[in-house]
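Take a look at the structure set out below.
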Amino acid sequence: MNPLRSIAAKLSLLTCLFVLGVIALMARQIVNGIENGLIGEMTVRAEFFARSSREAIFPKLDPFSLHFHVEEMVKEKAVTYAGVVDKDGVVLSHSDPTRIGDRLEDPFSLRAAASKRVELQRYRDKDGGLVYDLSAPVFVGPRRVGTARLGFNERSLKEALEAPKKRIILIAGIATLFSVLGTVLIVGWITRALPKLAAAAREAGRGNFTVQVEVKSRDEIGTLARAFNEMTVANSLLFRGLQEEKEKLANIFNDTREGLVLTDPQGRILLMNPSARALLGRQDRPATTLAEATAPDYQPKPALEAILSGGARITPFELKRAEPQLLILSGVADRLGDETIHAGFLLIFHDATLEKRGEALSRNFLSIVSHKLRTPLAIALGNLELLRGDEKNFNPDQRKMLSKIQGEDEKLARLVEKLITFTAV
């Protein structure tokens, strides 16, 4: 569905609901006014009935005259019943002859007998119809001689409300129609720039940050469009800067002589520079994980699982391959991120085969010097000490020769010790 049509539909619905709500509130006020007016008219009739009945009650009860007044009131279409009771609540005359002589002791009758003004109650008859029951006091001067009772059915109220209801329905229909048309026109006028803005946003989403929206309005939509244009310009500059930085990083990443491998926290390879592919022999065999890149030729130390699961920031490691020729790769695994976010690993390594061989040769040379030179010199010096113990048996020339030999052996021993110390360092 077109988003603009959806907006128009929603605003039209809200407008209709608002208009209908206002009309319903006004209709309620009108109905209440009409109902109150009818109740006022009923009150006037009840008071008139009370005054006309007074002459038939005082000074002497005239049943025929009283019954005449009751029958005259019942002839009106809206009147359901009419009756007159004395001051003690006994029915003197009623449109239903069977009620004559009854004593009315219900709460409303008792309240009406004690009231000095017209009282009203509403109730449902046995057929479910609404009945308005009014009671008007009958006074002769200050003396109360009885109460006039009138019952009005709801037919009169319905008839009175029929014409206003039709007018209200007609007004509601016309107002709803005009509100919908007006809302659609207003929404179309307000949102006329939104299709351009939506198309430009889609272009920007595809990476085209040169797109601009031409809007001349000064309203909120125009402000939004100008903000969008400013955003695309800023994003274009930012994207250009990021592209340049990306190219620089790519050049550094690809041109460095050390092997570089970038992985996610699970060891899946994200980037591998040419040096790393050459060192691992993966120029023609791409790998997706560290385990795949090193297996089965290389023996990692420590194990890859220990590197990936370890919490150390920097973890030294070594990859050793024995066949077809010895190759030793040495480097470190840098854990990216911080204590809360683990972004992955950057492995930096180089060919350390010559270094390891040099270390092995140094250890072998140290062993040779230690065992092949220092041991014989120690034996020779020991024997010289034994000979020096018998110097009294030698002539002066022989003793001089022994001292010279011992001095040279000690020089050679010191030289061997220095050589061993230097090689060990």
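The values are calculated or read from the model by the stated rules, or taken from the named source; none is laboratory data. Computed from a predicted model, the values in this text were never measured in an experiment. A quick note on method: Cβ atoms are made from the backbone with ideal geometry, for glycine too, and the neighbour counts reach across all protein chains shown.
Residues in the stretch 126-150 that are farther than 17 Å from residue 83 by Cα and either more than 60 Å from the chain's Cα centre (by Cα) or without any contact (Cβ under 8 Å) to a residue 12 or more places away in the chain (or both): 126, 127, 128, 140, 141, 142, 143. Filtering the stretch 293-337 to residues that are part of a loop (DSSP other than H, G, I, E, B) and among the small types (Gly, Ala, Ser) leaves 295, 303, 310, 311, 312, 322. Among the conditions (1) under 21 Å from residue 337 (Cβ atoms); (2) buried (at least 18 other Cβ atoms within 10 Å of the Cβ), residue 289 misses just one, which is (2).
Checking each residue of the stretch 87-106 against the condition of being hydrophobic (A, V, I, L, M, F, W, C), under 60 Å from the mean Cα position of the chain (by Cα) and part of a strand (DSSP E or B) gives no match. Look at the stretch 264-290: where a residue is of a type in the set (Gly, Ala, Ser) and a partner is exposed (fewer than 14 other Cβ atoms within 10 Å of the Cβ) and part of a loop (DSSP other than H, G, I, E, B), sitting 6+ places away or on another chain with Cβ atoms under 8 Å, you get 275/257. Counting only residues that are out of contact with any strand residue (DSSP E or B) (no Cβ under 9 Å at 6 or more places or on another chain) and either aromatic (Phe, Trp, Tyr) or outside the structural domain of residue 151 (by TED's automatic domain parsing) (or both), the stretch 16-57 holds 1 of them. Scanning the stretch 117-131 for residues that are in a loop (DSSP other than H, G, I, E, B) and at pLDDT 90 or above yields 117, 118. Exactly one residue out of 24, 9, 46 is surrounded by 12 or more Cβ atoms within 10 Å (Cβ to Cβ) and at pLDDT below 75: that is 9.
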